[in-house]
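Enquirer: Please see the structure below; I have some questions.
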Amino acid sequence: MPVPPVDSEIQSLLETSDAGVFPFYDLDSVLAVPELYRPLRERPDTPVDDRVKVRDLFIPGPGGQLRLRVYRPATDGVLPVVLYLHGGAFTYGSPEAEEEHALRYALDAEAVVVSVDYRLAPEHLYPAAADDAYAALTWLAGHAARVGGDPERIAVAGVSAGGNIAASTALRARDLGGPKVIFQVLLYPALDSGMTSASMRESTATPVLNRAATELAWRHYTGGHSLVPYASPVQAADLSGLPPAFVVLAEADPLRDEGRRYAERLSAAGVTTELIQVPGAVHGFDLLFPKARISERNLADQGRALREALHR
């Protein structure tokens with residue numbers, strides 16, 4: 001089956017937009033060379049929104065001091081909390097790189113968004129990033145008042161590699177009897193280190209993310225070692241008892257089918273799951289091109305899902 005066509009507006013933006021140091025094509029060539037992917041770790045200039053107060057908070061983490069970037073709407077009272085895990089093929093990215101996303105979540109969901117500056121591969125192999133995320137969750141559950149948050153209303157949200165870490169965090173909290181997570185948002189998550197799906201096999205030349213780049217990302221994250229479900233959540237034997245899920249897939253994305261499989265398994269295990277596959281979307285469409293029509297519609301859906309789950 002051929003790769004689905006890319007939405008015409010997104011295709012035009014891919015051809016005409018200035019990506020800066022990020023390549024819209026051939027990400028694999030960047031991930032193969034540390035000198036090329038390290039510039040993607042630089043913190044970009046961030047947007048300003050007077051409706052949201054932004055600050056950095058430092059907590060004890062498994063690898064030393066762990067930075068949390070906190071986004072709180074200018075709203076009185078105790079608010080629900082969204083633990084946010086940024087994307088970046090496990091090797092790059094930062095809270096600042098996805099600040100526009102976090103600001104929008106804070107406003108649309110009326111929530112405190114806490115974005116984790118987790119350790120990056122390949123310098124820090126699995127489980128470093130997952131450990132940082134779980135440490136942030138447990139800290140929030142015990143210290144939510146520090147950010148004006150409600151410890152009984154915590155959601156996790158993750159983008160791409162961050163979607164992997166968000167799913168891992170929900171699984172670990174369930175298995176360890178840890179903090180209660182009431183909702184999970186997984187945006188085109190990387191879930192299967194085996195890379196066995198049809199969409200993965202077909203995606204040799206897809207924009208933004210292709211099979212070769214995905215393979216490098218997994219190698220950087222795991223060091224090529226055999227995996228356990230927390231690194232590759234789709235391999236988890238049992239998905240029952242997990243929080244309700246909102247899963248977004250991009251149609252022209254190698255990660256599409258593993259995300260669908262995970263959503264279907266969640267639903268079969270009795271987990272309330274909403275699955276949206278965005279026609280013509282490429283990996284990261286809502287981050288790269290937030291003003292595109294398909295991005296605006298899906299970002300509204302993301303905010304709606306979080307708001308309904310957190311303020312029910």
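Enquirer: First check a/c for the stretch 224-296, with a ≥ b ≥ c the square roots of the eigenvalues of its C-alpha gyration tensor; if it is under 1.5, answer rounded, and if not, answer prolate when a/b is larger than b/c or oblate otherwise.
Expert: oblate
Enquirer: Quick one: Met195, Met200, fewest Cβ neighbours within 10 Å first, how do they rank?
Expert: Ascending number of Cβ neighbours within 10 Å: Met195, Met200.
Enquirer: Which of Tyr37, Tyr105 comes first, and how do the rest follow, when ranked by fewest Cβ neighbours within 10 Å?
Expert: Fewest-to-most ranking of Tyr37, Tyr105: Tyr37, Tyr105.
Enquirer: At 20 Å minimum axial length over the Cα atoms and a Kyte-Doolittle cut of -1.0, report the qualifying DSSP H helices in the chain, or say none.
Expert: 128-143, 161-175, 293-310
Enquirer: Express in whole angstrom the spacing between the alpha-carbon centres of the stretch 135-203 and the stretch 8-61.
Expert: 21
Enquirer: If you don't mind, another one. Efficiency by 1/(1 + (r/R0)^6): what FRET value for Ser267 and Glu35, r their Cβ-Cβ distance, R0 = 45 Å, to the nearest 0.05?
Expert: 0.55
Enquirer: Among Gly61, Val234, Val33, pick out the residue whose Cα is farthest towards the positive end of the charge dipole of the chain, where Lys and Arg carry +1 and Asp and Glu carry -1 on C-beta, about the Cα centre.
Expert: Value: Gly61.
Enquirer: With a 10 Å Cβ neighbour count serving as the proxy for reagent exposure, in which order, fewest first, do Leu13, Leu249 appear?
Expert: Ascending Cβ contact count within 10 Å gives the list Leu13, Leu249.
Enquirer: Arranged from highest to lowest average of other beta-carbon atoms within 10 Å per residue, in what order do the peptides 288-295, 178-185 appear?
Expert: The packing order, highest mean first, is 178-185, 288-295.
Enquirer: Return the distance in nm (one decimal) between the two label points of a simple spin-label model at Gln235 and Val48, each offset 7 Å from Cα along Cα→Cβ.
Expert: 4.8
Enquirer: Can you figure out the FRET efficiency of Phe24 with Phe58, using R₀ = 35 Å and their beta-carbon distance, to the nearest 0.05?
Expert: Result of the calculation: an efficiency of 0.50.
Enquirer: Report the trypsin sites (Lys or Arg not before Pro) located in the stretch 34-84 that are in a DSSP loop and have at most 13 other Cβ atoms inside 10 Å of their Cβ, or state none.
Expert: Arg51
Enquirer: Report for the chain the percent antiparallel among DSSP-assigned beta bridges with both residues inside it, nearest 5.
Expert: Beta bridges within the chain, antiparallel portion: roughly 35 percent.
No value in this document is a laboratory result; all are computed from the given coordinates. Keep in mind that this is a model prediction, so the values were computed, not measured. Virtual Cβ from ideal backbone geometry, glycine too; neighbours counted across all protein chains shown.
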